[in-house]
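Below: one structure, written as structure tokens.
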Amino acid sequence: MKISYSLLLLALLATSAAMPGTAKTLTLCFENGITSQRWHQLLVNGFADAPVSLGTISNQLVNCLSASEPSVRDGIGFTGLSVLLREEKLSRLKREALFQKFIEDIKKNNNNESGVYLPFAVLALSEVLRADRIRPGLDSSQRQHAIDTIDDYINTLQDYRGFDSKIGWRHGIAHSADALLQLALNRATTPEQLKQISHVILTAITPNDATHMFIYGEPMRLARAMGYVILREEVPVSYWSEQLRQAASPAPLDSWQQTYHSMESLSRQHNIRSFYNELLAFVAYQNNERLTTLAPEVAEIARSIK
């Protein structure tokens, strides 16, 4: 009997990771007799002697993303998924199952109590998108779904925690920028999608928490993604010039000089100025005509935010 591609994908999804935040999640990270030491051995040898299928291994690694210990979440979960995807050890079907898993969790805001799973689901999604850029498997509608999902995630984000000395990184905005970067680098991304990506990036500069100041490198990650959007030749530089000027407006204030009377205004100034300074570092003194054309204008905008 012939089994459809859709049914196979549904089967993979049904047997994938547990709901983040449940007690079962971390247990599943270490099932099949794989201890922390064994995980690190598998990472070193590229999962050459994995005790179960690499599809099962990838499901376990997704469960590791919920661990509050950074050595497990980042050192095993994310690193392991990155190895599997970058070394092309997963089938197209399994990569698509991971894509669907992360997209669904992000859209449904499925997080755990410590708030670490969701930002790492976004980071892991960036690795799936990188793999798709190198070895295409997703279609245009799925890439659009990814852009829309990251857009919604940023628009509703309230947890802007970066680094914690005990729990490690959360870093939702920076991880979102990494996902957008992979979409910007994908030659299959359309001009309209590039414009939407730029809108998402420029929206992310200003947090939903009006008093929050980015201090964990988020502006640099956003600026890098924006820089690679600008490098795409399908959209004229003049379009980016106009978008960058609009995003640097002090409105509703008449000028940036009026920002020194409220925490909200000071935070907005800090975040926007940080972004444009980082973008200037990206576009200045580069051997690229598009960046060279834009650099003086970016420098002028950066100097104006004071």
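Values as computed for the structure displayed
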{"read-out": "Computed lengthening from L54 to Q41, 0.36 nm per intervening residue step minus Cα-Cα distance", "value": "3.2 nm"}
{"read-out": "Kirkwood hydrodynamic radius over Cα pairs of the stretch 206-306, then Stokes diffusion coefficient at 4 °C and 1.567 mPa s, in µm²/s", "value": "92"}
{"read-out": "FRET efficiency estimate (nearest 0.05) - Cβ-Cβ, H145 to D254, R0 30 angstrom", "value": "0.15"}
{"read-out": "Nonlocal amide H pairs with W169, under 5 Å, H built at 1.01 Å", "value": "D164"}
{"read-out": "Efficiency of FRET from Cβ geometry, T156 and S238, R₀ 35 Å, rounded to 0.05", "value": "0.60"}
{"read-out": "M213 paired with R303, simple spin-label distance in nm, labels 7 Å along Cα-to-beta-carbon", "value": "2.5"}
{"read-out": "Entries in K108/K195; K101/K166; K89/K166; K89/K195; K101/K195; K94/K166 that, when Cα-Cα distance is taken, lie over 30 Å", "value": "K89/K166; K89/K195; K94/K166"}
{"read-out": "Local electrostatic count at R290 - Lys and Arg +1, Asp and Glu -1, tallied over other residues with Cβ under 14 Å", "value": "-3"}
{"read-out": "Net charge over other residues, Cβ less than 14 angstrom from the Cβ of K107 (K, R count +1; D, E count -1)", "value": "-3"}
{"read-out": "Note, ³J(HN,Hα) from phi for the stretch 156-166, Karplus 6.51, -1.76, 1.60, rounded to Hz, x at Gly and Pro", "value": "10, 5, 10, 9, 9, 4, x, 10, 10, 5, 9"}
{"read-out": "Extended-chain gain in nm, criterion 0.36 nm per residue less alpha-carbon gap, T292 and K166", "value": "41.1 nm"}
{"read-out": "About the Cα centre, charge dipole magnitude for the stretch 95-171 (Lys/Arg +1, Asp/Glu -1 at Cβ), debye", "value": "240"}
{"read-out": "Structure-derived semi-axes √(5λ) of the Cα gyration tensor in Å - corresponding label in [x] 26, 23, 21; [y] 37, 22, 16; [z] 41, 34, 18", "value": "[y]"}
{"read-out": "Sum of -39500 (n - 2.57) over DSSP H runs of 4+, divided by residues of the chain (222 nm, nearest 500)", "value": "-19500 deg cm²/dmol"}
{"read-out": "Radius 14 Å from Cβ of Q144, net charge of other residues (Lys, Arg +1; Asp, Glu -1)", "value": "-3"}
{"read-out": "Cα-derived Rg to Rh of the stretch 101-204, Kirkwood definition", "value": "0.97"}
{"read-out": "Dipole of the chain, positive direction: furthest Cα of N59, A184, A121, with charges on the beta-carbon", "value": "N59"}
{"read-out": "Cα-centred dipole magnitude for the stretch 205-306, charges only on beta-carbon of K, R (+1) and D, E (-1), debye, nearest 20", "value": "180"}
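Coordinate-derived values only; no laboratory data. Worth saying up front: this structure is predicted, and the values here are computed from it rather than measured. All Cβ positions, glycine included, derive from the backbone under ideal geometry; neighbour counts span all protein chains shown.
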